[in-house]
Amino acid sequence: MPVNYLPVNREDMECRGWDQVDFVLVSGDAYVDHPSFGPAIISRVLEDAGYKVGIIPQPDWKKTEDFQRLGRPRLGFLVSAGNMDSMVNHYSVNKKIREKDSYSPGCKMGLRPDRATIVYCNKIREAYKNVPIIIGGVEASLRRFAHYDYWSDTVRKSILIDSSADLLVYGMAEKQIVEIAAYLNDGLEVKYIRHIPGTCYMADSLEEVSNGYIEIPSFKKTAEDKTKYAEAFKIQYQEQDPVRGKTIVQQHGIKYLVQNKPEMPLSQAELDKVYGLSYLKNAHPMYDRDRGIPALEEVKFSIVSSRGCFGSCAFCSLTFHQGRIVQSRSEESILHEAVGITNLEDFKGYIHDVGGPTANFRQPACLKQLKTGACKEKQCLHPSPCKSLHIDHQEYLGILRKLRKLPKVKKVFVRSGIRYDYIMADKSEHFLKELLEHHVSGQLKVAPEHISPKVLHDMRKPAGKTFEQFREKFFKINERLGKKQFIVPYFMSSHPGSTLEAAVELAEYLRDIHYQPEQVQDFYPTPGTLSTAMFYTGLDPLTMQKVYVPKSKTEKAMQRALLQFREPKKYALVHAALVEADRTDLIGFGPKCLIRPKGKTAYSDQNKEQDSGYNQNKQKNIVKGKLNKDQVNKDLLSKARINKEHKKKITEDSGKSRGTVKNEKMEKERQQRSLGNKKRNLKENQKEKHQGSRTEASGKVTGKVKRMSPGKPSGKVKGKHSF
C-alpha cells in the first residue's frame, strides 16, 4: 500500500478496508505528518509496530459526536494537547489571548479548548464509559505532579487526576507507547499496566507500589506551604534521570500519584528508525483551503539531528521532558532525510536547520551519564564547564560539510539554539569559523539572557566574560572572512532574581554594545521548570535560598521597558524605573545617560552617534583590561559633575532677566532701522536729483519709505529670514 495520511474519518477507514482502528489519537494540533510534530511520531511508530491508528485533530469539544467519528477503538484513546501546552498556546505572559495559533489552519484561534488534555479526556468519557485513555505530550508530561499554574495562580493537582485518564506517558514516549500497546493487545487491563518506565498511574495505597520509592510532600501540603512545594520540586528535579532516578510517590487526597523512573533514551539505531519512518512531510490536504498550517513552514525543510540537552537552563522544560542525556542520529540517517527533502516539489535549495534543543550538542556530556547517570548535585555547564565535559564539534561539522555538498542544496542553515559557552570551551576555532562562513544568513541568534551575575546564577546560565569573549571572537572571525554579520542576542526580563537594579545594569550593557532588542521576552512561568518553582515560592528549590521575584505588573513593565530604553513610547516607564532604582545619574545629556530629562527628546540621533564613539572606546578599554568598571563609573560621574558646573556657570554669566534681554534686543533693532532709514533717504535724494519727484499715480511713495514691523517677515523672504 502506498504511504498515505492516517484515517481522519470513516471514509478513510473504508478506503483502507478497516472496520475498526486499534487506537484513536486525539490532538489539539492540526494534523501534520512531519517528525517535528509529536502526534505524527507516535502515530507512525504505532503504525510501524503493526497497529491501526486513526487521528482526530482539533475535535469540537462542545459535543461528543466529534469524538465518535472513527468509532470506538479496539485498544484505547491516546490524547495530546499538541506540541505546546494549551494555556501557553492561548495566552501571552500578560494573560491576554493571543491573536494567532500557528498550529491551526490559517492561524485560527479557538480550535482547541483551554486545558485541552483534560477537556478531551472528559468528553471521551462521556462518549465511551470504559475505554482506556492514555495521555501524553508536553502538557501532560510537565503537569504530572501537583504543579503551580500561572493562569489560575494556584497549585493544581496532577493532570492525571483532573483528566480521569488511566495512564500518563511522559517524555518522548516512543518506547513506552509500543510497550503499552503490546500489553493491551495481549488482553491485559490498563489498570494493571504499572511497571513501565516513563509512565505515571494512580494507586489506592502505598502497598500497591512494588519497587523502592521516595515520597514527596502531598498535593495538600504543597498547595498550602511554599517551602513544601520547593522540597517536592527538588526531589522531582534530582530524580529525573533514567539511570539513577527512583520512583516518586505523591499523595493526592485518598489516592497516590506514582511516577515510575524515566525511560532510557533511545539508542542511535532506535532514533534513526523513528526519524526514518514514512512521514509525508506535509499537512493534511483538508487544510489546503486555509493555506495550510503555519507552524510547518518553519520546520518543513529542517532536520532534527539530536534530542536532550545538558545545558539545564532553569527556565527550560527540557530537563523534565527530553532529559539531560543527549541522543543523536547517525550521519547516514541525517543525509538520507536530507536527500528526501531535496526531492520535495517545493524545495528551493535551502535546508533551514540541522539541530535539536541545542544544535552543537551531539553526544552525552560525558561517559559517566550513560553508566551512572547525570550528576545529582552538579551541572555540566554551570557555573562553568565541568572538567569531565566532552567537547567536540568535529562530528557535527562533518555532517554539515556533507549536507552542503548535496545536489540541489544551495545553503544549509543552523538556526537551532547554539551554546556559545560550549563553543568557547572548544580549543579549536574550526567550528565557529565554518559556521560563520557557510551556515549563518547574516545574523547568529544566541541567548545570553542577562548579564547580571546574580540573575545568571538563578537562570543557570554562564556568567562572567564568556559572552563578551564570544562576541569578540565572532567579530574577529567575520573580519578575517570579509563578512559583515551580526549577533542577535536574546535577553529576558523579570526572571526570578532580577531586581530593578539588575534590569538597569542590563540596560547599561545594551547601551554600551549599541544594541536594542526589537522583541523582549518577559519571563513566562510555565509548568515543570525550576524557574517557575522559584517564581511561585520565592525560593531556589535546589539551595532553599530566598530569591527576589518581580511580580507586580508595574515593575515587570519597567524591567521590560529598560531593555528598550531608546523607544519614545517607553520613556515614562524608563524614567520611573531609574528614579525608583535611585539611578537618576542615567537621566541627562551625558554620553552614558539612558534618557534625557523630562520635556527633552528622549534620545536623539546625534546623541546616539556621540555615545557610539565614546562607548566604543570605553568598551574596548574595558575588554582589554585597561579600565575596570569602578574606574569607568568614577570617570562618568566626574564628567557629569563637570558638565553640571559648566552649565551652571553659563547660566550665571548670562543670568540677566528676560526683560533686560528683550530691551537690548529692541534697542538693537531700533538702531538697525534708523541706520536703514538714513541709507534709504540718501538714496531717494540722489534719485530725485536725476529723475525728479514721482507722482501719486506712480505709487504715492515720494519721500516715503514703507516700514516693516519688527518680527514680521517680508512676503518675499518668508521662510528664509526673521526680522
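The values are calculated or read from the model by the stated rules, or taken from the named source; none is laboratory data. Quick caveat: nothing in here was measured; it's all calculated off a predicted structure. Ideal geometry is used to build each Cβ from the backbone, glycine not excepted, and the neighbour counts take in all protein chains shown. Accessible surface areas use protein heavy atoms only, side chains included; no ligands, DNA or RNA. Shrake-Rupley method; radii C 1.70, N 1.55, O 1.52, S 1.80 Å.
Quick look at the numbers
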| item | result |
| --- | --- |
| Per-residue ³J(HN,Hα) for the stretch 574-582, Karplus 6.51 cos²θ - 1.76 cosθ + 1.60, θ = phi - 60°, Hz, x for Gly and Pro | 5, 4, 4, 5, 5, 5, 5, 7, 6 |
| For peptides 216-228, 414-426, sequence by mean Cβ density within 10 Å, most packed first | 414-426, 216-228 |
| Cα centroid separation - the stretch 189-216 against the stretch 261-329, whole Å | 28 |
| Surface share of carbon and sulfur [accessible, 1.4 angstrom probe, percent] for the stretch 343-486 | 53 |
| Gyration tensor (alpha-carbon) shape descriptor, the stretch 290-332, a/c threshold 1.5 | oblate |
| Out-of-range pairs (alpha-carbon distance over 26 Å; input LYS62/LYS129; LYS410/LYS484; LYS220/LYS371; LYS62/LYS228) | LYS220/LYS371; LYS62/LYS228 |
| Rounded if a/c under 1.5, otherwise prolate or oblate - the stretch 69-227, Cα gyration tensor axes | oblate |
| FRET efficiency for ASP426 and ASP582, using Cβ-Cβ distance with R0 set to 51 Å, rounded to 0.05 | 0.75 |
| Options GLY212, HIS147, VAL178, ranked by Cα towards positive dipole end of the stretch 133-234, top entry (Cβ charges) | HIS147 |
| In sequence order, calculated HN-Hα J values of the stretch 472-479 (Karplus, 6.51, -1.76, 1.60; Hz; x Gly/Pro) | 4, 5, 4, 6, 5, 5, 4, 5 |
| Nonlocal amide H pairs with ASP522, under 5 Å, H built at 1.01 Å | SER493 |
| Computed FRET value (nearest 0.05) for LYS476 with MET109, which takes r as the C-beta separation and R₀ as 56 Å | 0.75 |
| Sequence of VAL354, VAL339 when ordered by accessible area, the most exposed leading, probe 1.4 angstrom | VAL339, VAL354 |
| Cβ-derived FRET efficiency at R0 45 Å, LYS220 paired with SER384, nearest 0.05 | 0.65 |
| Average accessible area per residue (Å²) across the stretch 248-337 - probe 1.4 Å, nucleic acids and ligands excluded | 38 |
| Per residue accessible area of the stretch 389-436, 1.4 Å probe, in Å² | 46 |
| Solvent-accessible area per residue for the stretch 133-236 (1.4 angstrom probe, square angstrom) | 39 |
| ³J(HN,Hα) computed for each position of the stretch 174-186 - Karplus, 6.51 cos²θ - 1.76 cosθ + 1.60, integer Hz, glycine/proline x | 4, 5, 4, 5, 5, 5, 4, 4, 5, 5, 5, 5, 7 |
| Subset of LYS63/LYS108; LYS108/LYS402; LYS100/LYS175; LYS376/LYS556; LYS476/LYS592 violating a 29 Å alpha-carbon distance limit | LYS108/LYS402; LYS100/LYS175; LYS376/LYS556 |
| Amide H within-cut-off set for TYR490, under 5 Å, with H built and near neighbours excluded | VAL446, ALA447, GLU449 |
| Sites matching trypsin sites (Lys or Arg not before Pro) across the stretch 243-312 that sit in DSSP coil, with at most 12 neighbouring C-beta atoms within 10 Å | ARG291 |
| Global form of the stretch 219-266, assessed from the alpha-carbon gyration tensor, a/c cut-off 1.5 | oblate |
| Extension gain (nm, one decimal) between GLN443 and ASN4, 0.36 nm per residue minus Cα-Cα | 154.2 nm |
